[in-house]
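The values are calculated or read from the model by the stated rules, or taken from the named source; none is laboratory data. These numbers were taken from a predicted model, which means no experiment stands behind them. Methodologically, a virtual Cβ is constructed for each residue, glycine included, from the backbone with ideal geometry; neighbour enumeration extends over all protein chains shown.
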Amino acid sequence: MVYQFVGFSGSVLGGGVLNVVKAGQNVPLKWRLLDAAGRPVTNLTAASVAVTVANLACPAGASATALAAPAAGGGGGGGPALRNLGDGYYQYTWSTSKSYANTCKTMQLNLGEGTTRDALFRFTK
């Protein structure tokens, strides 16, 4: 099945924007999925979701958007990585590595149908 990905929402921005986050921080990835008829997809499972990262040369002078730190108790920390928020909205908590400090990465979100949705990140200490 090919999904209509309605884009990242919340604090993570797609579209080539460089998101700035502290290395080791949990990052809530939020999005909405629709089927080919425009109906909300409500049966996505954690087994379908994969997040990978690829190295990215940090662009000089690129505009960057700092992410707000997640609220205490707001995902991660032992809770499920994928949450179904209803009506086709989902949140996946991506646990970043402290080893990403002072690097840039492309985060690739795969929802099990072979397409990736990318967001760019610059990691600070």
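May I ask you to list the residues in region 90-119 that are of a type outside the set (V, I, T), without any contact (Cβ under 8 Å) to a residue 60 or more places away in the chain and not in a loop (DSSP other than H, G, I, E, B)? The answer is K105, Q108. Residues that are surrounded by 11 or more Cβ atoms within 10 Å (Cβ to Cβ), modelled with pLDDT of 90 or more and hydrophobic (A, V, I, L, M, F, W, C): does region 56-68 have at least one? Yes, region 56-68 contains at least one residue that is surrounded by 11 or more Cβ atoms within 10 Å (Cβ to Cβ), modelled with pLDDT of 90 or more and hydrophobic (A, V, I, L, M, F, W, C). Would you mind stating whether W31 is over 20 Å from F123 (Cβ atoms) and modelled with pLDDT of 95 or more? So W31 passes the test.
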